[in-house]
Amino acid sequence: MRYTTVWLIVVFTGFTAAAARLMYAQFDAGQYSQKNSGAIAQPAPPAEADGASYSVTAYPLYPPELAPGAGREAVQSYCATCHSTRYITMQPPLPPETWAAEVDKMIKVMGQPIPEDVQPVIIKYLQAHYTPENRKR
Amino acid sequence: MNEHRRLSRRGLLQSLATAAGLAATAGFGAATNLLPQQSQVSGDEKSLPTFTGPAPNPYWNSVGPVVQYPQKFPLVLLTDRPIQLETPRHYFETAFTPNGAFYVRWHLDEIPNAVDLSVWRLSVEGSVERPLKLSMSDLTSKFKPLSVAAVNQCSGNSRSKLQPRVPGGQWGDGAMGNAKWTGASLRELLDSAKIKPDALAVQFQGLDKGKGPEGRGSHEFLKSLDLKDSVLDDSIIAYAMNDEPLPMLNGFPVRLVVPGYFATYWVKSLSFIRVLDKADENFWMKTAYRVPDTPRGNTNPEDVKGGKVRTVPITRMPVRSFIVTPNGEKKLIAQLPVIIRGIAFSGYGSVNKMEVSVDNGKSWASAQLGEGHGPYSFRTWSIAWTPPHPGRYVLAARATDGKGNVQPDEGVWNPGGYLWNRIEREQVVVGRAS
């Protein structure tokens, strides 16, 4: 009796799975991604008590995925002081000398104090992942 | 897409029939886990690439994700700090761009989330006899309200089309918008502050601040206009945009409106007007937003490297036009009439001629112009077209402005990626009618 029950369950599950497999072969569903979670809270209706103050909620951040590799942490800590690293990923693939010139501009024109030993690390990282020859993402 | 859906549904019904009798709802959820990984149709492979280049961006908009921001419809993300968002193409079907859809471009990351108008004042200072501190109610009650329909276009709109590509905000064509701006006359305001005779320029600054050191472009965003520039007579300090308060991201509580000029001068959250008795040497005037002093601002990388290129601050917007529909996303049907629609504008006065080609610019026909909303507004245009045969067609649009400037069919190149105004094209596919 017990064996019959087990046997029935096995057959039933097998059939169900096979049927589902057939069904699911026809379409594609249930795909979710946490990659670009950009959820922002809906604003509450304005309160009269705010008087002459006009406000919005905090602005959401959408951090990009920087290419993994040596120098990524240096880029995240020094370049992201003033701006998001989307300023890097937004660019088209740029020649190595353009990346060097951009870093130079950030130091000399914009005044970002990047230690001398870190400058080549940042430049090399950008040149290793964001030129026409090697950009992948 | 729809067709694909329908086919899938039919397939589903067939499998349901096969599986008849096994209507085991309990097994449904569990069986899902037994499925092999079928992620070949994942969002990633159906979505745009994450970047374009080194070739020109082939898309109308830039390729970033669509994101949500306070007081905004979903817009295309360029960068999240400072915030730069692009307006999707379909919002240009009308002459006025909705406030929620209007593109966003800040230069520095510390921008207002809240402004208390009981404290906020617009200050007019520097080389003036009578410095002013104006509240919002001063602006609305002491000065005559003026309204103007004017296009606000980023200097770098369409930068992603330049060859070779240049660094900077990789805008598609959506870094522009048109609104009805209402506010106080800048000229009237300057007159009431009584400019001193030695004054040369007027500088504008908003509430935005950056984390860079003082005195650098990374700390403050400052723009100025020459006091002799007649554009000052057309400029207004706008407290309303399309008859509503400005969205925070578009410069609440007031922004400068400089009709005909690129948006770099339209300082957002304007709070300081400083009359200068010497030329403005700050980064945003002396180094950034400059264009070669050549026809169309055109040059080449060799001349720039050789230090041969003299530059001047960018000012007026050259004539442009855009095809908005059809947008190439779906097939047209042979022999079925469609209407080709779009917008046109110029910083040099009204667009008064609009031509459309359906053979990649070989021949042109005049399009009908929509209602005029003044010299600085978008003007809609339309033309009926019946695609004669199935196949591929390249549509093109060409505007002529009141000064006789015609859109050229050559690109432009300069290191800042400014002033793009080449004739735009749209490729459409026409299918058989039966």
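The values are calculated or read from the model by the stated rules, or taken from the named source; none is laboratory data. The model shown is predicted, which means the values in this text are computed figures rather than measured ones. For neighbour counting, all protein chains shown are included, and Cβ atoms are generated from backbone atoms with ideal geometry for every residue, glycine included.
Take B:Val254 and decide whether it is within 14 Å of chain A (Cβ to nearest Cβ), in contact (Cβ under 8 Å) with a residue 24 or more places away in the chain and buried (at least 23 other Cβ atoms within 10 Å of the Cβ).
yes
What number of residues within region B:203-240 satisfy the criterion of being within 14 Å of chain A (Cβ to nearest Cβ) and of a type outside the set (Phe, Trp, Tyr)?
Qualifying residue count for the region: 15.
Is it the case that some residue within region A:31-39 is modelled with pLDDT of 65 or more and either over 31 Å from the mean Cα position of the chain (by Cα) or more than 7 Å from every other protein chain (Cβ to nearest Cβ) (or both)?
yes
Quick grid of which residues meet (1) at pLDDT 95 or above; (2) not small (Gly, Ala, Ser):
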{"residue": "B:Ala24", "(1), (2)": "no, no"}
{"residue": "B:Gln40", "(1), (2)": "no, yes"}
{"residue": "B:Gly53", "(1), (2)": "yes, no"}
{"residue": "B:Gln68", "(1), (2)": "no, yes"}
{"residue": "B:Val76", "(1), (2)": "yes, yes"}
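Which count do you get for residues in region B:350-366 that are surrounded by 16 or more Cβ atoms within 10 Å (Cβ to Cβ) and touching a residue at least 60 places away in the same chain (Cβ under 8 Å)?
Residues flagged as surrounded by 16 or more Cβ atoms within 10 Å (Cβ to Cβ) and touching a residue at least 60 places away in the same chain (Cβ under 8 Å) within region B:350-366 amount to 1.
Among the strands (runs of 3 or more DSSP E) confined wholly to region B:153-251, which include 2 or more residues that are over 30 Å from B:Pro301 (Cα atoms)?
Answer list for region B:153-251: B:176-185, B:201-205, B:236-241.
Matching residues to (1) modelled with pLDDT under 95; (2) crowded, with 20+ Cβ neighbours inside 10 Å; (3) of a type in the set (S, T, N, Q):
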| site | (1), (2), (3) |
| --- | --- |
| B:Glu110 | no, no, no |
| B:Val124 | no, yes, no |
| B:Thr140 | no, no, yes |
| B:Val151 | no, yes, no |
| B:Leu162 | no, yes, no |
| B:Gly172 | no, yes, no |
| B:Ala175 | no, yes, no |
| B:Asn178 | no, yes, yes |
| B:Ser185 | no, no, yes |
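For residues that are under 25 Å from the mean Cα position of the chain (by Cα), at the interface with chain B (Cβ under 9 Å from one of its Cβ atoms) and in a helix (DSSP H, G or I), tally how many sit in region A:100-137.
2
Restricting the search to region B:46-104, which residues are among the acidic types (Asp, Glu), surrounded by 23 or more Cβ atoms within 10 Å (Cβ to Cβ) and either within 16 Å of B:Met241 (Cα to Cα) or more than 10 Å from chain A (Cβ to nearest Cβ) (or both)?
Within region B:46-104, B:Glu86 is the sole residue that qualifies.
Filtering region A:63-92 down to residues that are assigned to a loop (DSSP other than H, G, I, E, B), of a type outside the set (S, T, N, Q) and crowded, with 19+ Cβ neighbours inside 10 Å, which residue is farthest from the other protein chains (Cβ to nearest Cβ)?
Going through the qualifying residues, I end up with A:Gly71.
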